[in-house]
1. Please report Rg (one decimal) and Dmax (integer) in Å for the Cα set of segment 141-284.
2. What size of dipole, in debye to the nearest 20, comes out for segment 237-401 about its Cα centre when the only charges are +1 on Lys and Arg C-beta atoms and -1 on Asp and Glu C-beta atoms?
3. So what's the projected area for segment 237-401, the Cα convex hull averaged over all directions, in nm²?
4. List the lysines whose alpha-carbon lies under 17 Å from that of Lys320, not counting same-chain residues fewer than 8 positions away?
5. In whole Hz and in residue order, list the ³J(HN,Hα) couplings for segment 180-196 that follow from phi through the Karplus curve 6.51 cos²θ - 1.76 cosθ + 1.60, θ = phi - 60°; x for Gly and Pro.
6. Please sort 399-406, 60-67, 366-373 by packing, taking for each peptide the average over its residues of neighbouring beta carbons within 10 angstrom, highest first.
7. Read phi for every residue in segment 358-366 and hand back ³J(HN,Hα) as whole Hz from Karplus 6.51 cos²θ - 1.76 cosθ + 1.60, θ = phi - 60°, with x for Gly and Pro.
8. Out of the total accessible area of the chain (probe 1.4 Å, heavy atoms of protein only), what percent is carbon and sulfur?
Amino acid sequence: MTDVDVLVVGSGAAGLCAALAAVEHGAHRVLVAEGSPEVGGSSRLSGGIVMGSRSGVQHANEIYEEEDDLFHDYRSLMRWDIAAGPVRKFARRSGETIDWLAAHGVPFFDRLIFGGEERRPRSHAVDGGGQALIDALHRAATARQIDIALGQRVDRLLVEDGRVVGVAVGDDEITAAAVVLATGGFGAAPEKIAELFPSAWDPERTWYIGHDGARGDALDLAGALGAQVTGHDRGLRTLGPGGTFVNEALLPGWVVLLDPNGHRFADETAPYGILDNAVRAHGNRCVAFLDAAALEPPADLADRYRDAYKQVWPNHAPFKPRHYKTEMIEFLLGQKTAFVADDIASLAVEVGLDPTAVVGEIDRYNAFADAGTDADYGKAGKFLVPLRTPPFYAVPLYPIAVNLTGAGLRIDDCARVVGADGRPVPGLFAAGECVGGLLGPLYMGSGNSLGLATGVGRIAGEEAAALATGAQH
Ligand SMILES: Cc1cc2nc3c(=O)[nH]c(=O)nc-3n(C[C@H](O)[C@H](O)[C@H](O)COP(=O)(O)OP(=O)(O)OC[C@H]3O[C@@H](n4cnc5c(N)ncnc54)[C@H](O)[C@@H]3O)c2cc1C
């Protein structure tokens with residue numbers, strides 16, 4: 001007889017969904033071990049946007065999708081470079097997962113939002129963001145007598161004859177019929193970013209926007225058993241100048257981004273996952289250009305500068321520039337992480353770009369703005385504002401704000417961790433950001449990660465319960 005049926009490591013969205021699903025599938029004694037003093041991890045800090053197809057909210061909005069529409073879009077966007085088995089299962093059940101979350105008290109808005117470039121919106125916004133998501137799941141877990149042990153950082157898996165039979169926190173051992181790892185990503189572990197997410201690694205600038213429990217413990221715990229790791233160099237980075245610890249996922253539409261050759265390379269209002277991918281393909285850094293009018297808009301243009309974002313999220317205040325406003329630009333100028341000049345050519349020289357290329361590119365952009373059409377990258381006309389008011393500013397940007405990480409444990413479509421020999425490690429499951437191979441080469445859009453965390457969390461909990469109760473198929 002084990003101490004518990006299912007032991008879940010980590011109390012973020014993935015862990016709480018796994019624990020709830022385990023109880024609903026017959027596990028009687030479910031324990032969540034949480035390393036930090038509070039429940040929720042990065043999920044609690046998140047924006048609370050969850051992707052799902054064929055949910056009740058979609059239907060209420062008269063959006064009807066086929067069973068594999070999300071999977072098809074997902075796999076196409078990722079150029080098939082994903083673990084299709086687990087992703088297909090997640091995608092097929094994603095709408096049902098949204099309904100399940102709602103039934104557990106997660107307060108979704110009736111209105112959907114676009115997470116990326118999908119034709120019909122699939123992203124569900126939680127009223128109250130990640131905190132409200134975690135609060136609801138926490139309440140549901142408590143109501144079902146699921147114990148959550150805080151301040152218990154699991155540092156070892158117990159193994160007998162190659163089978164995981166429990167966990168240890170120091171000298172304390174607890175046995176379980178099944179263990180689910182849901183320890184989140186590794187954004188808070190610089191050495192793991194350097195190794196597993198090198199395109200985000202800059203020793204001087206890289207920082208993590210999430211919870212300090214995201215140290216990649218699952219990689220160490222399961223790695224000690226030889227578990228496979230997949231999804232090298234994946235995740236979501238957003239752009240920053242370094243040294244500010246201000247996350248700016250969405251840029252104001254009037255900013256112009258130039259690559260290291262001094263050329264534009266994307267619609268600056270692209271979804272952040274898409275923009276991140278474009279930056280990676282164009283030298284992995286870029287420079288934002290703006291002018292004095294953007295900082296102090298003239299009265300007749302004030303509306304154009306103010307209404308600078310495509311995204312309107314019901315659970316979020318209107319988006320506003322974070323780096324591209326007077327006080328922050330002055331701070332950056334003082335730090336020498338931004339530059340100012342009275343003409344574009346001098347500014348280009350200041351930031352180390354070819355002045356001929358930059359002057360040509362800004363002239364070209366200004367002509368598009370005058371015409372109201374971005375013939376190069378298709379940025380919407382309402383965001384095209386010419387850069388003609390000196391002084392001009394340039395802010396070199398790097399993809400150094402780690403939002404989430406995509407390398408992690410390889411799982412199969414039953415959320416079982418795959419061992420070195422290609423077989424599931426008996427007794428061991430994983431879900432959430434500690435899993436690899438489900439995020440593709442780019443981030444699909446807002447809600448991608450919480451969609452996976454909740455959806456795969458449920459699958460892991462169900463399968464762990466099936467193992468624990470002897471009902472495993
Ligand atoms: C600011 C921010 C905003 C975001 N917004 C969104 C969004 O709107 N939509 C979206 O899809 N994604 C978003 N993301 C990403 C998303 O929130 C995360 O990928 C997701 O919440 C991860 O869930 P998880 O359950 O896997 O991990 P977490 O929520 O991080 O939970 C992991 C938990 O495990 C604990 N833990 C770690 N190691 C151990 C151990 N050894 N023993 C015991 N416990 C341990 C941690 O302390 C933590 O509490 C955002 C991320 C951040 C940081």
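1. My reading of the Cα-based Rg and Dmax gives 20.0, 61 Å.
2. 560
3. Reported value for the Cα convex hull: 8.9 nm².
4. Within the straight-line limit of under 17 Å, Lys320 reaches these lysines: Lys310, Lys382.
5. Result, ordered by residue: 10, 8, 9, 8, x, x, 10, x, 8, 10, x, 5, 6, 4, 4, 7, 9 Hz.
6. Working: 399-406: 25.4, 60-67: 12.6, 366-373: 14.2.
Descending mean neighbour count gives 399-406, 366-373, 60-67.
7. Coupling constants for segment 358-366: 5, 4, x, 5, 5, 4, 4, 4, 4 Hz.
8. The nonpolar share, carbon plus sulfur, comes to 50 percent.
The values are calculated or read from the model by the stated rules, or taken from the named source; none is laboratory data. No experiment lies behind these values; they were computed from the predicted model shown. Don't worry about glycine lacking a Cβ; one is built from the backbone with ideal geometry, like all the others, and counts go over all protein chains shown. Ligands, DNA and RNA are stripped out before the accessible areas are found, and what is left, the full protein with its side chains, is counted by its heavy atoms. Shrake-Rupley method; radii C 1.70, N 1.55, O 1.52, S 1.80 Å.
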